[in-house]
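The next block holds one structure in the form of structure tokens; read it before the comments.
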Amino acid sequence: MVEKSDWIWMNGEFVAWDDANVHVLSHGLHYGTGVFEGIRCYETEAGPAVFRHREHLERLAKSAELYYLPLEHSVDEIRSATHELIRRNGLRSCYIRPLAFRGYGEMGLYAKGSPVNVIVAAWPWGAYLGEESKREGIRAKVSSWRRISPAGLIPQAKASGQYLNSILAKTESSNAGYDEAILLDEAGHVCEGSGENIYLVREGEIVTPPHTASILDGISRKSILQIARDLGYTVVEREIARAELYLAEEVFLSGTAAELVPVREIDDHDLGGPGEITRVIQAKFEDALHGRAQEYAEWLDLVEQPSKVSG
Ligand SMILES: Cc1ncc(COP(=O)(O)O)c(C=O)c1O
């Protein structure tokens, strides 16, 4: 169960968690017409700080535009509302879920008359694949489901309906006893996890599918590639053949919910424990998330706390 907090921001107002409800004929429920974000706020020495907040909200605005969902709230408004939400809920660290979706009004596919609702919820949520997975690595399975094709949908958008693809892959791998699914694209190249980007280490170089592949252009990915380059590693963005997953020295995944997770086994091929390069990058990434890496301080959007009133 989601751990409740007190308030949810809904269309410009703060609503009690249990009252943040919608009509069953909301368009998004029927057709998946929504776009969302997954963001994390970390407790740092300076206070709660949201990781790459503006980039996440800008991706939300772009996803909305790609699916013709006009937003009545600007990135700045949603950012301030989120800061206030974190303060009101008294959260020090949390997962943040902004969602914009077509609401109740018209039905049918061309429902321009239905309002586009915007909500932001925030609640405490630990590492998606577990803390142990981050230490020990996970077991993954290549999915029989292919990643959505750009010929039919928009892989670069984070749209609600698109996640049926991820859910099919995740359900298949979980039912088969694995921790996560790896999806190939239409052509059979390695694409990403069900909710994470993927990286291989081959001959000491970090290899990852290019952002022109059918991947979500992850914000963790962007951060990890910068960290890897800053640490002096060579990063190559190129197509990856399925068999390279089994031949790689190291494999890891990244996403806001999961953070950086080593992969120790794929399709029952043992890759060994988390490798050295994975460990080094993971440690620096964790430092960046938690405000311990001065060189990446600008990635953190500090949530100002009310100043103490004296007297
Ligand atoms: C399909 C998919 N790929 C990749 C990612 C990683 O993106 P990010 O690092 O921006 O969270 C996510 C998570 O949002 C995702 O859902």
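The values are calculated or read from the model by the stated rules, or taken from the named source; none is laboratory data. The model shown is predicted, which means the values in this text are computed figures rather than measured ones. Using ideal geometry, Cβ is built from the backbone for each residue, glycine included, and neighbour counts are taken over all protein chains shown. To get the accessible areas, we keep the full protein, side chains included, count just its heavy atoms, and leave off ligands, DNA and RNA. Shrake-Rupley method; radii C 1.70, N 1.55, O 1.52, S 1.80 Å.
Structural remarks
- Unmet requirement for Asp179, which otherwise passes all of (1) within 12 Å of the ligand (Cβ to nearest atom); (2) open to solvent by 30 Å² or more (accessible area, probe 1.4 Å); (3) touching a Gly at 6+ places or on another chain (Cβ under 9 Å): (1)
- Close pairs from region 148-170: first among the hydrophobic types (A, V, I, L, M, F, W, C), partner open to solvent by less than 40 Å² (accessible area, probe 1.4 Å) and within 10 Å of the ligand (Cβ to nearest atom), Cβ under 7 Å, at least 6 apart: Ile148/Pro155; Ile148/Gln162; Ile148/Asn165; Ile148/Ser214; Leu153/Gln162; Ala169/Leu183; Ala169/Ser194
- Among all residues of region 209-218, there is none that is outside any loop (DSSP other than H, G, I, E, B) and either touching a residue at least 12 places away in the same chain (Cβ under 8 Å) or near the ligand (Cβ under 10 Å from one of its atoms) (or both).
- In region 113-130, the qualifying residues are those that are more than 18 Å from Asn197 (Cα to Cα) and without any contact (Cβ under 8 Å) to a residue 24 or more places away in the chain, and the one that is surrounded by the most Cβ atoms within 10 Å (Cβ to Cβ) is Pro115.
- Filter pass, Ile154 being within 11 Å of the ligand (Cβ to nearest atom) and under 17 Å from the mean Cα position of the chain (by Cα): no
- Subset of region 41-66 (residues that are open to solvent by less than 20 Å² (accessible area, probe 1.4 Å), part of a helix (DSSP H, G or I) and small (Gly, Ala, Ser)): Ser63, Ala64
- Region 4-40, residues that are assigned to a loop (DSSP other than H, G, I, E, B) and under 16 Å from Tyr163 (Cα atoms): Gly32, Thr33, Glu37, Gly38
- Test: residue in region 284-302 that is within 24 Å of Ala169 (Cα to Cα), more than 14 Å from the ligand (Cβ to nearest atom), assigned to a strand (DSSP E or B) and at pLDDT 95 or above: no
- Checklist (1) among the polar types (S, T, N, Q); (2) in a loop (DSSP other than H, G, I, E, B); (3) in contact with a Leu (Cβ under 6 Å, 6 or more places away or on another chain) applied to Gln162, failing item: (2)
- Residue satisfying all of: in region 236-261; in a strand (DSSP E or B) and away from the ligand (no atom under 16 Å from the Cβ); surrounded by the most Cβ atoms within 10 Å (Cβ to Cβ) among these: Glu250
- Within region 193-208, the set of residues being open to solvent by 20 Å² or more (accessible area, probe 1.4 Å) and either within 11 Å of the ligand (Cβ to nearest atom) or small (Gly, Ala, Ser) (or both) comprises Gly195, Gly204.
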